[in-house]
Amino acid sequence: MNDLHTNRRGFLKTSGMGALALMLAERRAPAAPEKRPPNILFMHTDQQHWEAMSAFGCTHLRTPAMDRLAAAGTSFSLAYSANPVCCPARACWYTGRASQENGVIMNDRWPIAPDMPDLGQWFSARGYDAVYAGKWHVTGRQFMQSFRVLTPGSGIGELTDGVVARAAEGFLRSRKSGGKPFFLNLGFLQPHDCCYWVFEHHGDEPLTKLGPVPVPPPLPPNYTFDPTEPELIRQRRKGITAWTADQWRWYLWNYYRMVEMADAEIGRVLDALDDAGLAEETLVVLTADHGDGLARHQMVSKMFLYDEAARVPFIAAWPGQLQAGRRDERHLVSGLDVAPTVCDFAGFAPPPKMRGMSLRPLLEGRDATPWREFIVSDTQGTGRMVRTPEYKYIAYHNDPMTQLFDMRADPGELKNLATAAAQADIVRDLASRLDAWEKALEILPLKEIESPKKRKRARQS
């Protein structure tokens, strides 16, 4: 019985990879176009709040490299993670499919669908040198299955991000202008190290041991919270509401320093791109997998749907090709847009059944192009949100308390309008849009990754 089960599992895995190979071959681009496609440099930080950049008005940190990129390109103010937690957000980038479709709905638990192509495989099959350095973190698929790997990057960003940047430097300086186009992906860990700070100082170490706050950032305007919030939010806040105001400000100070660490490494990469003479033939995209609570609503980390966790920075630049120094504050952007966008610039169709949209028309200044009316994000299969230019509606599973925020009048998401009679039609409309979105998805049956203990028990049975 065990042999039969093993053989069946092996057959399914093999057939899935075979189907993927066939799909990649069938959709391989024809002869190379006359005009050489651009190189693409996709850089992403981990857990960067959408405002944590001096170019966006934050005065508590200095980010000259990110500012330089924003000045050279277009940044989107209304960009959202498709699923604000590490693995799911990244799987959405690299497949262009919603979490319920690609299978990665939670960190390290459910694997990516074996027959679903990712961008590394897609670009490699179409003549690009698909290269990766840094954090990958897509459950169920090693990045060497999809990319040529320069160096891994996991654990502590303070120790690994410099290695990632230096690997990218070496790669870029070895390239020649006009050579084979590359798709270089760099996964920086910072400012994710703030998680370790929380673990170490989770209310059990007196502030006197930490010392005074060197530069005390003020607490945010939405530092307070609604005590009638959904239960999932209240549970995530447990343990940190005992922090004093000074402890919160110390957390903010540390977080901003970690963003500056990431910025320094991004600057190293941009310098190498310029020095190699490749800047004018390279599209650069910078975003983050998700944000951080950053004391808003007295929250840290991610896995919830307030803007501090769900909203992310998003910048694209290509000298001479895209609008420079522009900030788009009107169009809604999703992490699902990464795949169709980079494929569009590369000159070939994206993998099938994309849920995102190419940002190319917006980046080239064609703002009259019809655009989406809303975006959807979900979090670990426990909650969903729909965002329009004016409103955000949030519903967590098995919780009667829903949330509706007027994002223009209440950007800090402090006044829940979901129970107001005057907003009943808006709630119904947004809930209907959310349901229609989910019904259109091709939901993947979930199969958990077996833990070593579970596999051992299965062998012994």
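The values are calculated or read from the model by the stated rules, or taken from the named source; none is laboratory data. What you are looking at is a predicted structure, and each value in this text was computed from that prediction instead of being measured. Cβ: placed from backbone, ideal geometry, glycine included. Neighbour counts: every protein chain shown.
So here's what we get for this one:
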read-out: Count - residues of segment 39-69 that are in a loop (DSSP other than H, G, I, E, B), of a type in the set (Ser, Thr, Tyr) and surrounded by fewer than 24 Cβ atoms within 10 Å (Cβ to Cβ); value: 1
read-out: Flag for residue 280 being assigned to a helix (DSSP H, G or I), surrounded by fewer than 17 Cβ atoms within 10 Å (Cβ to Cβ) and in contact (Cβ under 8 Å) with a residue 24 or more places away in the chain; value: yes
read-out: Number of positions in segment 151-175 that are β-branched (Val, Ile, Thr) and out of contact with any Phe, Trp or Tyr (no Cβ under 8 Å at 6 or more places or on another chain); value: 3
read-out: Considering residues of segment 393-430 that are surrounded by 19 or more Cβ atoms within 10 Å (Cβ to Cβ) and among the hydroxyl-bearing types (Ser, Thr, Tyr) only, the residue modelled with the lowest pLDDT; value: 396
read-out: Among residues of segment 70-86, those that are modelled with pLDDT of 90 or more and either assigned to a helix (DSSP H, G or I) or under 20 Å from residue 361 (Cα atoms) (or both), counted; value: 11
read-out: Residue, surrounded by the fewest Cβ atoms within 10 Å (Cβ to Cβ), within segment 325-349, restricted to residues that are in contact with a strand residue (DSSP E or B) (Cβ under 8 Å, 6 or more places away or on another chain) and within 22 Å of residue 181 (Cβ to Cβ); value: 345
read-out: Within segment 309-336, tally of residues that are under 13 Å from the mean Cα position of the chain (by Cα) and not in a loop (DSSP other than H, G, I, E, B); value: 9
read-out: Qualifying residues in segment 341-368 (those that are assigned to a helix (DSSP H, G or I) and not aliphatic (A, V, I, L, M)) - the one farthest from the chain's Cα centre (by Cα); value: 361
read-out: Enumeration of residues in segment 121-136 that are surrounded by fewer than 21 Cβ atoms within 10 Å (Cβ to Cβ) and in contact with a Ser or Thr (Cβ under 8 Å, 6 or more places away or on another chain); value: 124
read-out: Positions within segment 283-299 being surrounded by fewer than 24 Cβ atoms within 10 Å (Cβ to Cβ) and of a type outside the set (A, V, I, L, M, F, W, C), in sequence order; value: 298
read-out: Where a residue in segment 420-441 is in contact (Cβ under 8 Å) with a residue 24 or more places away in the chain and among the aliphatic types (A, V, I, L, M) and its partner, wherever it lies, is surrounded by 13 or more Cβ atoms within 10 Å (Cβ to Cβ) and part of a helix (DSSP H, G or I), with Cβ under 9 Å and at least six apart; value: 441/100; 441/101
